[in-house]
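Just so it is clear, none of the values below were taken in a lab; they were calculated from the coordinates. Computed from a predicted structure; not experimentally measured. Every residue, glycine among them, receives a Cβ derived from its backbone with ideal geometry; neighbour counts consider all protein chains shown.
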Amino acid sequence: MLEINKDKQDSDTDGFFQRLRNGLNKTREGLLGGLANMVSGSEGIGDEELEEIESRLLMADLGIEASTRLMQGLTKEMKRRKLSSYDDVLSCLRRQMVEILMPVQAPIEEIFVIKKPFVVLVIGVNGVGKTTTIGKLTNYFKGFDDKVLLAAGDTFRAAAIEQLESWGSKNEVPVVSHQSGSDSAAVIYDALQSAKAKECDVVIADTAGRLHNKDNLMQELKKIRRTISKFDDELDLEVLLVIDAGTGQNAISQLRVFQEAVGVTGIALTKLDGTAKGGVIFALAETFGIPVRFVGVGEQIEDFRAFHAESFVDAMLDIEK
Ligand SMILES: Nc1nc2c(ncn2[C@@H]2O[C@H](COP(=O)(O)OP(=O)(O)O)[C@@H](O)[C@H]2O)c(=O)[nH]1
Ligand SMILES: [Mg+2]
């Protein structure tokens, strides 16, 4: 294997890199499984190997644009020098992949917040991991000593409110909630007031993923946005779209719909564990260029990290051992 980023492993004190690597096992298997044999058994890389690589990129849900870009990179490199080993192919892919993902690496803590509280509105379709991500994100902000308050904006079901309250008590932060069935925008308005009074640094607002229909959901989200601006139009707002990596190419249409309705400023990509479709991150980056703030690889609080392009690619390709 290649010897890239050795120091990253040394600093992987809590083992997240290893968890990310394990989480991406299926994606990697689809991309690279058996490829080493195929490549080393031939006279360097030829058309047949290239075709195989391309179909694997597509299978891993990288999408046509990102796959084409990677293939062009490989072909260009082949014109320059012979790619004769598996490691040659891997290092060429790695370089190109990092190039695609680097522009969407932009950690949330680097957002320059002018006026507190910083508001993170968490949106996405049902079951993608919004509430869980809020639990993890609360812990993340607490790591910066930020005072966090949660808003139970998913008023659609009582269980959703209880779930957020449980994450609130786990993280020892206050949760503002109303009864189920009440107006989501009103809960968030209350939460902002409360956060202002308590001088909180961050308000994270949960939202419903399913109302009676899609239009209904988008109307509600628009209303929430208006309410936040009405409360104070100078607040910095992160509209964080949570996407389940297992949705594959469907992620593209989800992002498009939410983007058109409310504007998306960041993405959290969850459930990278156990899916072979982890390559969708390249499709999202190539198509939209919206920052990927976080990646999630499990249900626990520690299965979550700020997105880092190089570590992600290394974990996916299993480079650095
Ligand atoms: N394997 C895995 N499960 C996750 C991840 N994030 C969330 N989940 C699970 O997905 C399910 C739905 O999560 P939830 O946060 O309730 O989704 P929401 O409907 O969008 O709020 C729960 O069982 C979570 O434990 C992840 O990164 N990996
Ligand atoms: Mg939820």
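Miscellaneous remarks
- Net +/- balance of residues flanking ALA160 in space, Cβ distance below 13 Å, scoring K and R +1, D and E -1: -1
- Lys/Arg +1, Asp/Glu -1 at C-beta; segment 33-93 dipole; positive extreme among LEU83, LEU50, VAL39: LEU83
- Charge dipole (debye, nearest 20) of the chain; +1 at Cβ of Lys and Arg, -1 at Cβ of Asp and Glu: 580
- The lysine pair tally for segment 35-149, using Cα distances under 19 Å and a gap of 8 or more places or different chains, is 6.
- Chain lengthening between GLN249 and LYS76 when straightened (0.36 nm per residue, less Cα-Cα): 59.6 nm
- Inter-part distance where segment 64-126 and segment 211-278 are each reduced to a Cα centre, Å: 21
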